[in-house]
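Comments concern the structure below.
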Amino acid sequence: MNATEPDLSARWKRFAEAHWGREPAAVPFAPGLGPEQVYGVVAASCAPPAEDAPGIRFATATQGRLRDAGPLLPGGDDPDPDMYRDRLARQLGGSGWLLSARQPLWRDFELWARVRELVSGLWQAVGWPTLPVSAELALGERCAGRDAPAPRPGSFALTWVLGGTMTVRLWPEHTGTEYQLAAAAGDLLYWPAGCRHLDHYLERCTTLRIVVPARRAAALTHVRGFVADRMQDNPAYAGTPDTLPFPPPAGPDGEIGAAGPVAGTGRLFARIAADQGTARELRVSWAARRSAAGLEPAPPPRPAVPLEPGLRVRASAELLRIPDGPGRAVWAANGHTLEVEGAGPERVRKQLRSGVALTIGELGRGSRMSAGALIPLLSDLHRLRAIELVDGNGAA
């Protein structure tokens, strides 16, 4: 980031006091990112076969969204955003266009981590999201984006203009008013939940947008999907639902009950939702989300490297801890979790929190863990990017 962490936190605090939960606003707030830094991630998201993914959208000002953008997407002959824009200007005859990639940050850990650092300052001021937030990168040229489809949008949005210019028309619910905000590179556009919006990307515009669920009802979709995944693993859910005659048979009292497969599925859903294991998994998933500042999916772990007692390591990410029963805990870092047991790992965590580079041997002596137990633990932490090897050994 361009600003130091205390400066960033102070800027977010001033922003929250002046604008949070109020009216839409456009404010100067450079994120320390530029079009060149995000273009590679957008291009990678468009590479075959990802071009058919629902997260990629390409539209032109004259034809709207194209089902098959094909050669209009970034390719090997477009090494930077300027060359890509120049090619599209030739192919489209100067017509406007808009390319967006939803949830692409996981492809580049460094970019993902910088965006996480950026939004973490706001969450520290207003509270951490309990549900996943979505990130979208977009490149546009004289083209309007789609209108928000929901009449009562339940999310708030933060949009940084990384290059070029754009305008946004906004209609807050229940007010009958309309806002029109304009922004250039280095500006932040914000609107609270309940605003329909229409984007207009102007000259050579590149944006980063973060969308955060802000209403309790948004948890329904998250929990329903979570429980449904657990149901798929349950033998009681396997097989094909029975067919039923019509009219359906009635009981002795003439009452017709719910179809057996439907009623059984309802009972299974309720049983899994009430299970303590489900509560634990939801708790663990939130720990992972908190360590990612809500950004999902997180970048995958990196490949393992050999570790030995003489190597020095240092903490490189916040390592969150939540209790998980007697003598057990779950650690979370960079959107991933690790289950640990016993007092030794906690002594390792406390040593790492000092920020001092230590050899693996020193960590072993301080934690009283054997090499056979310590090295697998440190290997897991290194794969999750919670620690780095000092002096360039295995650093990523």
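Taking Cα centre as origin and charging only the Cβ of basic (Lys, Arg, +1) and acidic (Asp, Glu, -1) residues, the dipole magnitude of the chain rounds to 860 debye. Can you give the local net charge around residue 369? Use residues other than it whose beta-carbon is closer than 11 angstrom to its beta-carbon, Lys and Arg +1, Asp and Glu -1. Every neighbour counted, the sum reads +2.
The modelled label-to-label distance between residue 259 and residue 63, using points 7 Å beyond Cα along the C-beta direction, is 4.2 nm.
Relative contact order for the range 51-186: 21 percent, from Cα pairs under 8 Å spaced at least 6 residues apart, divided by residue count.
Calculated on the alpha-carbon coordinates, the convex hull of the chain measures out at 215 cubic angstrom per residue.
Peptide packing for 317-327, 203-213 was compared via the average number of neighbouring C-beta atoms within 10 Å per residue; ordered from the highest value, the list is 203-213, 317-327.
Judged by the mean number of other Cβ atoms found within 10 Å, the most tightly packed of the peptides 252-259, 271-278 leads the ranking 271-278, 252-259. Site pair residue 362 and residue 231 shows an inter-label distance of 5.4 nm when each label is modelled 7 Å from Cα along Cα→Cβ.
In the range 324-340, whose amide N lies under 12 Å from the spot 7 Å out along Cα-to-Cβ of residue 346? List them in ranges. Label zone hits: 324-330.
Considering only alpha-carbon pairs that sit under 8 angstrom and 6 or more positions apart, the relative contact order computed for the chain is 15 percent. The mean sequence separation of alpha-carbon pairs under 8 Å and at least six residues apart, normalised by the residue count of the range 259-361, gives a relative contact order of 29 percent.
Adding -39500 (n - 2.57) for every DSSP H run of four residues or longer, then dividing by how many residues the chain holds, sets the calculated 222 nm ellipticity at -11000 deg cm²/dmol. Multiplying the residue separation of residue 339 and residue 9 by 0.36 nm and removing their Cα-Cα distance gives an extension gain of 115.7 nm.
Given R0 = 45 Å, the distance between the Cβ atoms of residue 87 and residue 269 translates into a calculated FRET efficiency of 0.30. With a Förster radius of 25 Å applied to the beta-carbon distance between residue 178 and residue 126, the computed FRET efficiency rounds to 0.45. Note on the chain: with a GNM built from Cα contacts shorter than 10 Å, the maximum mean-square fluctuation among 108, 380, 233 falls on 233. You can think of it this way: the chain between residue 25 and residue 379 has 122.9 nm of extra reach, that is 0.36 nm per residue less the Cα-Cα gap. Across the options 183, 157, 345, the greatest Cα extent toward the positive end of the charge dipole of the chain (unit charges at beta carbon of Lys, Arg, Asp, Glu) belongs to 345.
No value in this document is a laboratory result; all are computed from the given coordinates. If you're wondering where the values come from, they're calculated on a predicted model, not measured in any experiment. Positions of Cβ are backbone-derived with ideal geometry, glycine not excepted, and every protein chain shown enters the neighbour counts.
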